[in-house]
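Let me begin by presenting the structure, written as structure tokens, before commenting on it.
The values are calculated or read from the model by the stated rules, or taken from the named source; none is laboratory data. The structure displayed is predicted, hence computed values, not measured ones. FYI the Cβ positions are ideal-geometry reconstructions off the backbone, even for glycines, and counts take in every protein chain you see. Calculation scope for accessible area: heavy atoms of the full protein, side chains included, ligands and nucleic acids excluded. Shrake-Rupley method; radii C 1.70, N 1.55, O 1.52, S 1.80 Å.
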Amino acid sequence: MKTIFYYCISASLFLASCSLEELNPSGVTVDKVAQTKEGYEKLVNSCYFDLPRYYYGRNLLLVTEGGTDIWTADLNSNNNQDYFKYSSGGAMSVDMAKDYWNGAYDAINYCNIVIDRVNEVQGYQSEEQKLEKVAEAYFLRALYYFHLVEQFGAVPLSLEETTTANTEVVRVSPMDVYSQAIIPDLRYAVEHLPQDAVEPGRPSKKAALGFLAKACLQTKGYGTNEYIEEALSASNELINNQSVYGVRLYDNFVDNFNEANNKNNYEALYQLTYDQEYGSTNLYEHNGDFMRFYCIPTAFGAIQLAGHQMEIGRWSDGDFMPSKYLLDVFRYPDNTLDPRYKMSFQTSWTSNVNYQWEQDAIVQFDRNSSIKPGTALTNGAIAIKFVRPEEGDYDVAKEERLSQNYLWIDYRDLYGEDNKVKMKYTRVNQRPGIVDNPFISFYPSLTKFNSGSLKSPRTNRYTSDAYSTIMRLAEVYLIAAEAEFYLRGPNAAAVEYINVLRSRVEGKQVTVSDINLQFLIDERARELCGEYGRWYDLKRTGKLTKSYLMEKNPDIGQYFVDGVHSVRPIPQGQIDAISNPEGFQNNGY
């Protein structure tokens, strides 16, 4: 749906879009549906439809993590180039983000219907119960507008149910959307949502507080400190009253991502469920985020695709490859590693067949004379191991890496001093010379989404039943630290927020002298990489720029255009639908 909305109610009371010319044979209208508790709650359910359909568990990672300092595309290729490499210098599709635009406005109109009709509904035992339901719509409307503003910049703002066609549409500045919709909606949600979610997938007060803190902090990107105190206040309300809101930090960082905790996650502020019952996902597609971050271990013959991908942690061929900056950010000044590196990434894989080296593979992977045709690698043995200089056995093992019967992948064979991925390799043992990098398929693979069971509803189709954690309590500590920094500069309070997270992973403690904006951005990468937010972090801190990306991730930065790529193009369907298209499109598209 575009900004112009029409609606009808089918005989089954499921809300859908239709034209004004269509016949409604049932005679059921929004007016009638909204008057009953049962009908009103069906309208509330409609507000959720587009979250699992277009956003979380679908392609949202491409526009919230892609194109940043911490990732490049798989194999540093041009796959998904509109998202990762800003079209590699070419013309970007103006429809690259249309699902987020269409889905958000579709859902926002449902939210507006729920909000506008709350005084008509009958059947609730108390006013409080009714306000809890409308608070869900306020929360969701704020969430949709948050993504719209951060993805597209100025956007049309609709806070009332649309009942007639309006083809002249005005874009509203991001700060006006925050001040008129996002922040007041979240304040309402904080006041009226229940203390505990009534069922999985519904927001509660802790979700509203977390997103209020997040939204208030994000306004810093528009040159104002107006809401930073509120960001800190909302953060502290959660941090200081965890038992009240039923949330806590796990003692172990990795417990956030264990399958056993996925559907009852104590650190999660809000989770999205996937269920065929509500129509937003089908039998073959639930949460697909688990596929996104794998390297390609099956590029080595000791790991065969057949039977490999039905086990969590053994998928192949994802979309995201870590940048050198992301791997380096886990290195402390004393040349030790932040423990979250090993807790967040898979760096070794075992064989799933009895493998024998053949001459072609010996040449491809530059084995020395100790590896001959027929050299064996047994099923279940280490087949691939990625090693970096900070690890204890690096210097010794590096000298023997090309004599191993498995692939010992050298960090320095994948990444150069220029912060780029190495696309070429110089063979020294087999047919010496410069060739395409044979090791580029094997890189650390984020494991944060390996938290569910894989399903194969039909041959060669895989999906996950995992809930998607949209925000967790650890981020609130980082929001509080950043807010303190903006308000009072480096101080002990900011340090304490960071050290709470460092303590649970037994990481190095920080001091006031460590705190600056780049440190805070680095710490967010260490804690939150892959969790739907890096593009927004760079926007907020003024680092979504060509100069910054060229410094940290030049494979991406070389294609970034200042003044253009900090927002996405308005979808062509929206431009075609309005009577005032002149100047409606974002600059450069």
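For the structure I just gave you, tell me whether E506 is closer than 19 Å to F330 by Cβ and open to solvent by 40 Å² or more (accessible area, probe 1.4 Å).
Values: closer than 19 Å to F330 by Cβ: yes; open to solvent by 40 Å² or more (accessible area, probe 1.4 Å): yes.
So E506 fits the description; yes.
Would you tally the residues in the stretch 207-236 being assigned to a helix (DSSP H, G or I) and either open to solvent by 30 Å² or more (accessible area, probe 1.4 Å) or in contact with a Gly (Cβ under 6 Å, 6 or more places away or on another chain) (or both)? Spell out the reasoning first.
So in the stretch 207-236, the residues assigned to a helix (DSSP H, G or I) come out as 207-222, 228-236.
Applying the additional criterion that residues be either open to solvent by 30 Å² or more (accessible area, probe 1.4 Å) or in contact with a Gly (Cβ under 6 Å, 6 or more places away or on another chain) (or both) yields 214, 220-222, 229-230, 233, 236.
Residues that pass the stated criteria total 8.
In the stretch 93-106, which residues are of a type outside the set (F, W, Y) and either buried (at least 23 other Cβ atoms within 10 Å of the Cβ) or not in a loop (DSSP other than H, G, I, E, B) (or both)? Please lay out each step first, then the result.
Here is the first cut: in the stretch 93-106, the residues of a type outside the set (F, W, Y) are 93-99, 102-104, 106.
Answer for the stretch 93-106, where residues must be of a type outside the set (F, W, Y) and either buried (at least 23 other Cβ atoms within 10 Å of the Cβ) or not in a loop (DSSP other than H, G, I, E, B) (or both): A97, K98, D99, N102, G103, A104, D106.
Of the residues F439, F449, which single one is open to solvent by 20 Å² or more (accessible area, probe 1.4 Å), touching a residue at least 40 places away in the same chain (Cβ under 8 Å) and touching a helix residue (DSSP H, G or I) at 6+ places or on another chain (Cβ under 7 Å)? Walk me through it before giving the result.
Values: F439 fails: open to solvent by 20 Å² or more (accessible area, probe 1.4 Å).
Answer to the selection: F449.
Name, by its number, the condition in (1) farther than 20 Å from I228 by Cβ; (2) in contact with a Leu (Cβ under 6 Å, 6 or more places away or on another chain) that does not hold for Y548.
It is condition (2) that Y548 fails.
For a quick check of your reading of the model, give me the residue pairs whose first member lies in the stretch 375-395 and is under 19 Å from I440 (Cα atoms) and in a loop (DSSP other than H, G, I, E, B), whose second is open to solvent by 30 Å² or more (accessible area, probe 1.4 Å) and not β-branched (V, I, T), with beta-carbon atoms closer than 9 Å and at least 6 apart or on different chains.
R388/R331; R388/L337; R388/R412; P389/R331; P389/N335; P389/D395; P389/K398; P389/R412
Out of everything in the stretch 44-66 that is assigned to a loop (DSSP other than H, G, I, E, B) and open to solvent by 10 Å² or more (accessible area, probe 1.4 Å), what residue ends up being nearest to E199 (Cα to Cα)?
The first filter runs over the stretch 44-66 and keeps only residues assigned to a loop (DSSP other than H, G, I, E, B), leaving 47-49, 65-66.
Now restrict to residues that are open to solvent by 10 Å² or more (accessible area, probe 1.4 Å): 48-49.
Values: Y48: 13, F49: 16 Å.
So the residue we want is Y48.
Return yes or no: is N78 in a helix (DSSP H, G or I), in contact with a Lys or Arg (Cβ under 8 Å, 6 or more places away or on another chain) and at pLDDT 95 or above? Break it down stepwise before answering.
Working: in a helix (DSSP H, G or I): no; in contact with a Lys or Arg (Cβ under 8 Å, 6 or more places away or on another chain): yes; at pLDDT 95 or above: yes.
When the stated conditions are applied, N78 does not pass them.
Residues that are open to solvent by 30 Å² or more (accessible area, probe 1.4 Å) and within 23 Å of Y294 (Cα to Cα): does the stretch 428-435 have at least one? Before you say what the answer is, go through the steps one by one.
Residues of the stretch 428-435 open to solvent by 30 Å² or more (accessible area, probe 1.4 Å): 428-432, 434-435.
Within this subset, residues satisfying the condition of being within 23 Å of Y294 (Cα to Cα) are none.
No, that holds for no residue.
Among the residues of the stretch 245-268 satisfying the criterion of being at pLDDT 95 or above and of a type in the set (G, A, S), which is most open to solvent (accessible area, probe 1.4 Å)?
G246
Does E150 qualify as being under 26 Å from I239 (Cβ atoms), open to solvent by less than 10 Å² (accessible area, probe 1.4 Å), part of a helix (DSSP H, G or I) and of a type in the set (D, E, K, R)?
Here the answer is yes, as E150 does meet what is asked.
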